[in-house]
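The values are calculated or read from the model by the stated rules, or taken from the named source; none is laboratory data. This is a predicted model, so every value here is computed, not measured. All Cβ positions, even for glycine, are placed from backbone atoms using ideal geometry, and neighbour counts span all protein chains on display.
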Amino acid sequence: MGHGVIRTLVAGGALAASAAALLAGCGGGGNSAATCGDAKKAYERYIGGVRAVSAADAAQWRQPTEQLAANLSGLADKASDDRLKSALKDQADKLRAAAGTVATGDVEQLNATLAAAPTALGTACG
């Protein structure tokens, strides 16, 4: 489990470092720019929150992961762009699923979801 948590921390760091990519090219019609900006902020809050959690206790990551999923789901409901709405909903669904497994110490699903987030949302925001 320890190595998985470390991989999650690395993936989380990579996510935080590339969170700015969520806004790259974001300027399409509707509310896409604002929604992408809000998604970026949600991920930044998440990364800041889980950094305060002990890497030895992955179960403590469940609540912040569920909160991020709820935030992204709310943004999906407000998104005017169908591609962005779909990407946010997909990320929220994956995070909800990962929250359940991370509570038992299995961080593999969370690793994959966090690693894919910048590309998935960056594409939708681009």
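Test of understanding: among Ala124, Ala76, Ala69, which residue is of a type in the set (Gly, Ala, Ser), crowded, with 22+ Cβ neighbours inside 10 Å, modelled with pLDDT of 95 or more and assigned to a helix (DSSP H, G or I)?
Ala69
Quick one: in segment 101-126, of everything that is closer than 23 Å to Asp77 by Cα and of a type in the set (Gly, Ala, Ser), which residue is nearest to the chain's Cα centre (by Cα)?
Among those that are closer than 23 Å to Asp77 by Cα and of a type in the set (Gly, Ala, Ser), it is Ala117.
Is at least one residue of segment 82-99 touching a Lys or Arg at 6+ places or on another chain (Cβ under 8 Å), surrounded by fewer than 18 Cβ atoms within 10 Å (Cβ to Cβ) and either in a helix (DSSP H, G or I) or aromatic (Phe, Trp, Tyr) (or both)?
no
Report yes if some residue within segment 80-98 is within 16 Å of Leu121 (Cβ to Cβ) and in contact with a Gly (Cβ under 6 Å, 6 or more places away or on another chain); otherwise report no.
yes
Enumerate the pairs (first residue in segment 49-63 and of a type in the set (Ser, Thr, Tyr); second residue anywhere and at pLDDT 80 or above and surrounded by 12 or more Cβ atoms within 10 Å (Cβ to Cβ)) with beta-carbon separation below 7 Å, excluding pairs fewer than 6 apart on the same chain, so at least 6 apart or on different chains.
Listed pairs, sorted by first residue: Ser54/Gln60.
Residue under question is Ser54, and the condition is that it be of a type in the set (Ser, Thr, Tyr), surrounded by fewer than 21 Cβ atoms within 10 Å (Cβ to Cβ) and modelled with pLDDT of 90 or more; does it hold?
Working: of a type in the set (Ser, Thr, Tyr): yes; surrounded by fewer than 21 Cβ atoms within 10 Å (Cβ to Cβ): yes; modelled with pLDDT of 90 or more: no.
Judged against the criteria, Ser54 is not a match.
Do you know which of the residues in segment 29-51 that are crowded, with 17+ Cβ neighbours inside 10 Å and of a type in the set (Gly, Ala, Ser) is modelled with the lowest pLDDT?
First, pick out the residues of segment 29-51 that are crowded, with 17+ Cβ neighbours inside 10 Å: 32, 35-36, 38-40, 42-43, 46-47, 50.
Add one more test, that the residue is of a type in the set (Gly, Ala, Ser), and what stays is 32, 39, 42.
On the way: Ser32: 89, Ala39: 94, Ala42: 95.
Taking the candidates together, the pick is Ser32.
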